[in-house]
1. Starting from residues that are outside any strand (DSSP E or B) and within 13 Å of A:Ser284 (Cα to Cα), keep the ones in segment A:216-243 and report whichever is nearest to the other protein chains (Cβ to nearest Cβ).
2. Counting just the residues of segment B:406-419 that are under 18 Å from B:Glu322 (Cα atoms) and of a type outside the set (D, E, K, R), which one comes out surrounded by the fewest Cβ atoms within 10 Å (Cβ to Cβ)?
3. Only residues that are free of Cβ contacts under 8 Å to residues at least 60 places away in the same chain and either closer than 20 Å to B:Pro412 by Cα or in a helix (DSSP H, G or I) (or both): list them for segment B:33-65, please.
4. Scan A:Gly246, A:Gly252 and give me the residue that is assigned by TED's automatic domain parsing to the domain that holds A:Ser180 and either modelled with pLDDT under 95 or not in a strand (DSSP E or B) (or both).
5. Search segment B:115-143 for residues that are in contact (Cβ under 8 Å) with a residue 24 or more places away in the chain and within 13 Å of chain A (Cβ to nearest Cβ) and pair each with any residue that is of a type in the set (Gly, Ala, Ser) and part of a helix (DSSP H, G or I) when their beta-carbon atoms are under 7 Å apart and the residues are at least 6 apart or on different chains.
6. Looking at (1) more than 14 Å from every other protein chain (Cβ to nearest Cβ); (2) crowded, with 16+ Cβ neighbours inside 10 Å; (3) touching a strand residue (DSSP E or B) at 6+ places or on another chain (Cβ under 6 Å), which is the only condition A:Thr422 fails?
7. Given the structure, is A:Thr158 within 30 Å of B:Leu10 (Cβ to Cβ) and in contact with a Leu (Cβ under 9 Å, 6 or more places away or on another chain)?
8. Can you say whether B:Val92 is touching a residue at least 40 places away in the same chain (Cβ under 8 Å), more than 14 Å from chain A (Cβ to nearest Cβ) and over 24 Å from B:Tyr19 (Cβ atoms), as far as the supplied structure shows?
2 protein chains.
Amino acid sequence: MPPGALLTDLYELNMARSYLRRGMRQEATFSLFVRTLPPSRGFLVSAGLEPCLEFLESFGFTEEELDYLERELGFPRDVVDAFGALRFQGDVWAVPEGRIVHANEPILEITAPIAVAQLVEPYLLNQITFQTTIASKAARCAIAAEGRDLVDFSLRRTQGLEAAMTVARVTSIVGFSATSNVEAARRFHLDVSGTMAHSYVESFPTETDAFRTFARDFPKRTTFLVDTYDTLNGVRTAAQVIRELGLQGELGIRLDSGDLLELSRGARAILDEAGLPRVRIFASGGLDELELHRLVRAGAPIDAFGVGADAPTLDSAYKLVEYDGRPMMKLSSQKATAPGRKQVFRGPDGDTIGLREESLPGHEPLLVPVMTGGERTGPHRTLDTARALFRADLERLPEPLKAIESPQRLEPGFSDVLDALTETARADALRRAAVP
Amino acid sequence: MPPGALLTDLYELNMARSYLRRGMRQEATFSLFVRTLPPSRGFLVSAGLEPCLEFLESFGFTEEELDYLERELGFPRDVVDAFGALRFQGDVWAVPEGRIVHANEPILEITAPIAVAQLVEPYLLNQITFQTTIASKAARCAIAAEGRDLVDFSLRRTQGLEAAMTVARVTSIVGFSATSNVEAARRFHLDVSGTMAHSYVESFPTETDAFRTFARDFPKRTTFLVDTYDTLNGVRTAAQVIRELGLQGELGIRLDSGDLLELSRGARAILDEAGLPRVRIFASGGLDELELHRLVRAGAPIDAFGVGADAPTLDSAYKLVEYDGRPMMKLSSQKATAPGRKQVFRGPDGDTIGLREESLPGHEPLLVPVMTGGERTGPHRTLDTARALFRADLERLPEPLKAIESPQRLEPGFSDVLDALTETARADALRRAAVP
């Protein structure tokens, strides 16, 4: 889908209409962060920045979209003309893709005239939330797999096809070795992996015929799906065909149903007895990180997993933190937002959220400028860069946060400067709330 | 995204390669159904058929895609040529969008030479699963809302932007009255709804200034977001501005945080005391059908809800049920698939799954032919048709299946003919499973 400027919520357009009509072009900074982690998450992996930057670079309304605003939504002509002139020429600071972040830490901060900064909210929130959700979930799978291969099997389970492309891209950042999605492999230069389906086995008179035919067509790399009829019988049939045809190359069997722990042990024993210790065992079928963890910890002799489970979404927010040079703060119960343009400082004892202009000795700032005046700063970041960032961050992540069951969380502290600013902004907000 | 034929899993291409190479062009029928419902679902609403038909109509490989198969995946030239000639010229029977269906009932059955029927699996599974998931979830929201208005607020929470467009379309089938997504409203001719964000209120010196300005810019239709600072104070400010400016038209206040039951009661009392009984109360903020149900049953004076929560995916399957005229059946533990081209017969005492050629007196068949020889039969179905089908089915749905908490399910029975065929196919499968 070509991202259009109407891919936004009506209230953004209403607000922008009001701002533009009144000539309110003050600069605003919005901060995008995740409020709280789901119960089963110990950390997040930043992802989704690249598509956001592409969207901002090409932001603008087409004639057709402007017509819709005027004719269907009744926007006045002068305001429609003002919409037509809008471009994104603001600044973006962001945590690069692949870096590990925590609740309340800004992943992206954007500074631009308030109308534009407001209009792009749904796009940015959608992309960062979805991609960070998937990266974080997939990173937990990678931890649980303890070095075994992981393959993205999500194509049939995501919310549409665009989502599946995204999942293939993002899982490759956090250590998945391949995807089953051929178009994603082509577009993102990923390794692609695939075997056979039950229907293939069924389309031959016997399982043996199916295995023989497939092995002849794919002699260098064959994985036999063994659970169409009786799983361990299927393993025996695969072993027989491998020996009968003298197959070498990359060989494997795939389990896609039943008790994977018990069946993988049975399969391993059959293969080993048949003198085939190098034939790998691949498992799939509704796996998530908890099931991977259980299987790996129980010592299941599985060499690779296909993962395609869904993931809950994250409680992310896009909040005004500065307007016209003034730090902003919302007071709504349980949803208060700390004011100001922020920075996340990573130090030896954890993360501290402070203001952008602060400098904390011995700490590394996570947000970096990625767009200035609407232009990207520096080259497009590659997937390889994101992968390296993730590996480095994961290595330094404390073990309790990596726990698959009941992970701990890191609660980033506030710097003294941010604490003080928060108090000031709260008092200011209370004043503005007063009934006149 | 333009759907390409490479938007498939590698194993489909591998199997198709093997089939094409061996000249296996026998017709296969695949059946797409949901195996089991999630714990919180009592029924499903069929959706996703229209994009599937569009995909099938235009199915084919581009030169670029064929090059990728040859150069990157090492497919032999003769097979690549055979891929290049593939079109979808098969038949599709399906349950029209908007109809209520149950676990194990085929939503779509496709008959085509096995290579093509296999290649399109991921696309069909992705679309039907996702869209049926959303339609079913949204239908539960509509039931829970008991006549109150529902607005799709999902744009920022879905897996990408394409998914948000789909959610807006599908929720409109099951009774949502509007969407906040402007592009979706434009494309699908939906009503669009939107108010203001907290950032708008914050960008003015006082809440009163913000409300006054917005009301002047939108005098015919204004909804005040009242929870930026103190919610009930915000309601008083809104009431004051409405009276001060003598506003008429469609007026409302929106609650987006806190205890919605308590706050809606407080807000209603303030508005009524101010002589504003016609000002509506709109609620949003992480609402799902359980929360809607709780609020409605507790008598919360809320007139409309904004809903944007995510939904778990469904355990759907795409299984070979007939090949070369022979009924097929897979035996894998707990995942056995009933054989044959099927029909769902809806009668006064529930649903019966039978074979397509059967006829059960007093029962209505749910699957209808939608594509024959690769051509659509009949006109494109409109959203209005889907809406009418949904309303009619919902009216006839037994109450216990509509329960928001602990809904019952309908377990469709098998016809005698299907029972008999299942026994025959099982025996046949056992024979084929035997090690030679």
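The values are calculated or read from the model by the stated rules, or taken from the named source; none is laboratory data. Just so it is clear, the model here is predicted, and its values are computed rather than measured. Using ideal geometry, Cβ is built from the backbone for each residue, glycine included, and neighbour counts are taken over all protein chains shown.
1. Applying the first criterion (outside any strand (DSSP E or B)) to segment A:216-243 yields A:216-220, A:226-243.
With within 13 Å of A:Ser284 (Cα to Cα) added as a condition, the list becomes A:226-227.
Numbers: A:Val226: 10, A:Asp227: 5 Å.
Here the answer is A:Asp227.
2. Residues of segment B:406-419 that are under 18 Å from B:Glu322 (Cα atoms), as a first pass: B:414-415, B:417-419.
This time we only want the ones that are of a type outside the set (D, E, K, R), so: B:414-415, B:417-418.
Working: B:Phe414: 17, B:Ser415: 19, B:Val417: 14, B:Leu418: 21.
Residue satisfying both the conditions and the ranking: B:Val417.
3. Let us first name the residues in segment B:33-65 that are free of Cβ contacts under 8 Å to residues at least 60 places away in the same chain, namely B:39, B:54, B:58, B:60-64.
The answer is B:Pro39, B:Glu54, B:Glu63, B:Glu64.
4. Values: A:Gly252 fails: either modelled with pLDDT under 95 or not in a strand (DSSP E or B) (or both).
The unique qualifying residue is A:Gly246.
5. Filtered contacts from segment B:115-143: B:Ala115/B:Ala16; B:Gln118/A:Ser199; B:Gln118/B:Ala16; B:Leu119/B:Ala16.
6. Of everything listed in (1) more than 14 Å from every other protein chain (Cβ to nearest Cβ); (2) crowded, with 16+ Cβ neighbours inside 10 Å; (3) touching a strand residue (DSSP E or B) at 6+ places or on another chain (Cβ under 6 Å), A:Thr422 misses just condition (3).
7. Working: within 30 Å of B:Leu10 (Cβ to Cβ): yes; in contact with a Leu (Cβ under 9 Å, 6 or more places away or on another chain): no.
Considered against the rule, which asks whether it is within 30 Å of B:Leu10 (Cβ to Cβ) and in contact with a Leu (Cβ under 9 Å, 6 or more places away or on another chain), A:Thr158 comes out as no.
8. Values: touching a residue at least 40 places away in the same chain (Cβ under 8 Å): yes; more than 14 Å from chain A (Cβ to nearest Cβ): yes; over 24 Å from B:Tyr19 (Cβ atoms): no.
Spelling it out, it is not the case that B:Val92 is touching a residue at least 40 places away in the same chain (Cβ under 8 Å), more than 14 Å from chain A (Cβ to nearest Cβ) and over 24 Å from B:Tyr19 (Cβ atoms).
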